[in-house]
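Comments concern the structure below.
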Amino acid sequence: MNKEIFINEERPHESSVKHVNGQAYYTDDIPEPPGTLYGAIGWSKRAHAIIKKINLKEVEKSEGVVSVITSADIPGRNDVGPVYDGDPIFPKKAEYFGQPLFAVVATSTELARKAVLKAKISYKSLKPINNIQEALKKKSFVLKENKIKKGEPLKKISESSYKLKGNFTTGSQEHFALEGHVAFTIPGEDNDYKVYSSTQHPSETQQILAKMLNQKSNTITVEVRRIGGGFGGKETQSFIFAAICTLLSKKTKRPVKLRIDRDDEIIITGKRHDFFSKYEVGFDELGVIQGLNVKVASKCGISPDLSGAINQRALLHLDNAYYIENILAENYLCKTNTASNTAFRGFGGNQGMMIIENIIDNIARSLKKDPAEIRRRNFYQNYKKNITHYGMKIEDNVINEIFNKLIKKSNYKKRYSRIKKFNLKNKYKKKGIAITPVKFGISFTTIHLNQAGALVHIYTDGSVHLNHGGIEMGQGTHTKIAQLVSKSFGIPYEKVQISSTNTSKVPNTSASAASSTTDLNGAAALDAVKKIKLNLEKFIKNKYKILSKKNVVYKNEKILIGKYIFKFNDIIQEAYLNRISLSSNGFYSTPKINFNKQKFYGRPFLYFCYGAAVTEVTLDTLTGENIIDKVDILHDAGNTINPALELGQIEGGFIQGQGWLTMEEVNWKANGQITTFSPSTYKIPAVSDMPKKFNVEIYKEGKNKEEVVNKAKTTGEPPLMLAMSVFFAIKDAIASISNYKKIPKLDAPATAEKILLSIKEMQKN
């Protein structure tokens, strides 16, 4: 990796203009060859049932229908589970409401969707397990429980002067990406298939399809130009749509597109994991935690999917920014008759962080102290109290500096006092304020996923073509990596062209996830650049007999070696005429990380991202509605590649986190049927929900201590957790109703209904 490259340049997203004018190509926009057919899925109307009979005669007779497929049409593996089996393409037994049972292909999408409704399916209904409590009672789990212990937590709790017990729930969340799930398969010769898919993981899509078809991976090419948002929902949940689409193409020997209706998509796919926790904590008179015992359970759905890694990350983030010397944490992965829950921005880390933040907040309220002060007293320090509960030494801690700077910058202390006075004077309107920290680990906790590849060409006119394994899903990865490559070659950004991510160009890639896309793929691209530059430099020195040992500088479309100056384009042309390679692949694997999953010990992360947010809210105690008056954010993005893109990620992450914690509620009936499956029943943040004042600042002193591209830090997942401040500001406003004498019981999401119930409890004598 080139250590000399440092960029801090605001540049528009490479597709920004096309996003605005509608010219950006997504999977559904790809021109369709003549004869293209269109698919639709028939899914289970029972949450748990034996399928007695599927009668598809009327479906087959329906207008425009060309073919119908069932499990009998699958030549290989009937499962799209990424790590474990458990997610059949078409099951023999219905295990959740919305589970695909068969598929239809017709001459139009409308006709295909009409046709699936004519299926006659007879079921023998079984009692579903709908929630965590039922699963715990029946010992229904998808994987073995996890356990982590440090110190003597039970002993320390019993010896503590102060103790608290309680429980806490965080809810699910629908991904609701702007672009829904869609796949498009074009058959080729020799059973080859070209698959376009809205996915975060083309390589695993390729592997899943090959196993399903009982073919070699080299017969499947998966290509993605861009996707319209993923948030983790297209890491594994896209597989089944690509699989069904490809099966339909195989059966008909024609191109097939499968575009899922929004309502169907919400019904069929998994979401963020619900979490339930019970805790006992011991602390001293200053609010410093002495011991913590916590039991955590998550709602996984019918299969493991990625639940193992998600729950693991939840345990790894139970500390957030706090040093906990004595801790016992047990984790249960509950099997329920719901769609397999999956990756979602934060990947379990945010659920773990909310558990400890709620505990810290309750400690402060039990001591009648400002929660900000209790948070600060429990922070990790730089030279002591810097070892996590899983044995990793924190070497890059800046949370104290960020937290203190934001308290001053936001005028937190004066506002805290002013709000208390306001609440004494107002009966029906109450204000609340909270500051919460973020410490979030960066790397895949599944070690082998921390790798990436890239392919770089220089053409004879000096222009550069770049391909890498990352997926552009709006976050600006392509833009930032192109900036890195242009800077390294010393050429204008406009001379670097990035093409669609393609499994035939860069194989065996990892998912664009874990906030690692630019770190991994940017480093791989620079590795390829380095190899080409070595070729060029060797050629120049040999041809021009240059003995200088000075560093070679690439700048302003020139190559500088000591007193010698060469035009970039001229040298490229010369190199070509002299048969010098101007193309190379690059590779990168994350250093230093090691983690024993069995012992729950080691270094799972390369580095941490830090940030803090102050939120002030006004609460209507008669309706439970709230308004976010002001948000102040200070976030560490290291030495940013493109500050404009990072600010966008911070703002967007915060709003998405706000939605998860305050309004986005997923509900099921007792029979296992999801009821919040459309924009009319599932509320996501709108413009009117934005903070009235929204101040976002990047921590200017930030610089990554690790050898990552540009010494930058990611802004993919961490900003979502800044929204914890919204939840605890609401909780602070509720606490004022009892003049801060009681601890409010409030679970997430803090909907108006839950807020009103909490208010009623506070009003009781």
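Residue by residue, here is whether (1) surrounded by fewer than 23 Cβ atoms within 10 Å (Cβ to Cβ); (2) of a type in the set (S, T, N, Q); (3) in a strand (DSSP E or B); (4) at pLDDT 95 or above holds:
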site	(1), (2), (3), (4)
Asn358	no, yes, no, yes
Ile363	no, no, no, yes
Glu373	yes, no, no, yes
Arg376	yes, no, no, yes
Lys385	yes, no, no, yes
Gly391	yes, no, no, yes
Asn397	yes, yes, no, yes
Glu401	yes, no, no, yes
Lys405	yes, no, no, yes
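Could you tell me which residue of the range 641-694 is nearest to Asn130 (Cα to Cα), considering only residues that are β-branched (Val, Ile, Thr) and more than 20 Å from the chain's Cα centre (by Cα)? Checking each candidate, the answer is Ile674. Across the range 248-265, not a single residue is classified as of a type in the set (Gly, Ala, Ser), at pLDDT 95 or above, buried (at least 24 other Cβ atoms within 10 Å of the Cβ) and touching an Asp or Glu at 6+ places or on another chain (Cβ under 8 Å). Arg313 meets all of the listed conditions (1) part of a loop (DSSP other than H, G, I, E, B); (2) closer than 22 Å to Met721 by Cβ; (3) charged (D, E, K, R) but one, namely (1).
Filtered by the rule that a residue be under 41 Å from the mean Cα position of the chain (by Cα), crowded, with 17+ Cβ neighbours inside 10 Å and among the small types (Gly, Ala, Ser), the range 562-594 gives Ser584, Gly586. Taken as a whole, the structure leaves Leu560 outside the set of residues that are among the aliphatic types (A, V, I, L, M), at pLDDT 95 or above, assigned to a helix (DSSP H, G or I) and within 22 Å of His457 (Cα to Cα). Search the range 37-71 for residues being without any contact (Cβ under 8 Å) to a residue 60 or more places away in the chain, within 15 Å of Thr246 (Cα to Cα) and not in a loop (DSSP other than H, G, I, E, B), and hand back the single one that is farthest from the chain's Cα centre (by Cα). Going through the qualifying residues, I end up with Val68. Filtering Pro492, Pro507 for residues that are closer than 18 Å to Ile220 by Cβ and at pLDDT 95 or above leaves a single hit, Pro507. Quick check on the range 452-465: of everything there that is part of a strand (DSSP E or B) and surrounded by fewer than 20 Cβ atoms within 10 Å (Cβ to Cβ), which residue is farthest from the chain's Cα centre (by Cα)? By that ranking, first place goes to His457.
Just so you know, in the range 168-193 the residues that are outside any strand (DSSP E or B) and either over 24 Å from the mean Cα position of the chain (by Cα) or of a type in the set (D, E, K, R) (or both) include one that is nearest to Phe344 (Cα to Cα), and it is Glu174.
Within 30 Å of Leu286 (Cβ to Cβ), outside the structural domain of Met353 (by TED's automatic domain parsing) and of a type in the set (D, E, K, R), is that true of Lys251? No: the conditions fail for Lys251.
Confirm whether Val709 is closer than 30 Å to Ile394 by Cα, hydrophobic (A, V, I, L, M, F, W, C), touching a Leu at 6+ places or on another chain (Cβ under 8 Å) and buried (at least 24 other Cβ atoms within 10 Å of the Cβ). It is true that Val709 is closer than 30 Å to Ile394 by Cα, hydrophobic (A, V, I, L, M, F, W, C), touching a Leu at 6+ places or on another chain (Cβ under 8 Å) and buried (at least 24 other Cβ atoms within 10 Å of the Cβ).
Name the single residue that is surrounded by the fewest Cβ atoms within 10 Å (Cβ to Cβ) among those in the range 595-612 being without any contact (Cβ under 8 Å) to a residue 60 or more places away in the chain and part of a loop (DSSP other than H, G, I, E, B).
Within the range 595-612, the first condition is being without any contact (Cβ under 8 Å) to a residue 60 or more places away in the chain, and the residues that meet it are 596, 598-599.
In the following step, the residues that additionally are part of a loop (DSSP other than H, G, I, E, B) were identified as 598-599.
Details: Gln598: 6, Lys599: 10.
Filtering first and then ranking leaves Gln598.
Results for (1) surrounded by fewer than 18 Cβ atoms within 10 Å (Cβ to Cβ); (2) of a type in the set (Asp, Glu); (3) closer than 22 Å to Lys253 by Cβ; (4) at pLDDT below 95, shown as yes or no for each residue.
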site	(1), (2), (3), (4)
Ser62	no, no, yes, no
Val66	no, no, yes, no
Pro75	yes, no, yes, no
Asn78	no, no, yes, no
Tyr84	yes, no, no, no
Lys93	yes, no, no, no
Phe97	no, no, no, no
Ile129	no, no, no, no
Ala135	no, no, no, no
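Residues that are surrounded by 21 or more Cβ atoms within 10 Å (Cβ to Cβ) and not in a loop (DSSP other than H, G, I, E, B) within the range 489-498 comprise Phe489, Val496, Ile498, listed in sequence order. Among the residues of the range 561-612, which ones are acidic (Asp, Glu) and in contact with a Phe, Trp or Tyr (Cβ under 9 Å, 6 or more places away or on another chain)? Matches in the range 561-612: Glu574 only. Among the residues of the range 581-634, those identified as among the aliphatic types (A, V, I, L, M) and within 28 Å of Leu455 (Cα to Cα) are Leu582, Ile593, Leu606. Taken over the range 266-293, the residue count meeting the criterion of being farther than 16 Å from Phe102 by Cα, among the aliphatic types (A, V, I, L, M) and surrounded by fewer than 24 Cβ atoms within 10 Å (Cβ to Cβ) is 2.
Remark: Ile559 matches the filter, which requires a residue to be crowded, with 16+ Cβ neighbours inside 10 Å and over 37 Å from the mean Cα position of the chain (by Cα). Here the range 407-451 is the region considered, the condition is being part of a strand (DSSP E or B) and within 23 Å of the chain's Cα centre (by Cα), and the residue that is nearest to Val631 (Cα to Cα) is Thr436. Residue-level analysis places Ile227 outside the set of residues that are in contact with a Pro (Cβ under 9 Å, 6 or more places away or on another chain) and hydrophobic (A, V, I, L, M, F, W, C). Inspect all residues belonging to the range 499-517 and state whether any of them is part of a helix (DSSP H, G or I), under 30 Å from Phe440 (Cβ atoms) and under 19 Å from the mean Cα position of the chain (by Cα). Yes, the range 499-517 has at least one match. Among the candidates Ile743, Ile684, Ile737, the residue that is in a helix (DSSP H, G or I) and not hydroxyl-bearing (Ser, Thr, Tyr) is uniquely Ile737.
The values are calculated or read from the model by the stated rules, or taken from the named source; none is laboratory data. Quick caveat: nothing in here was measured; it's all calculated off a predicted structure. When we count neighbours, we look across all protein chains shown, and the Cβ atoms used for this are built from the backbone with ideal geometry, even at glycine.
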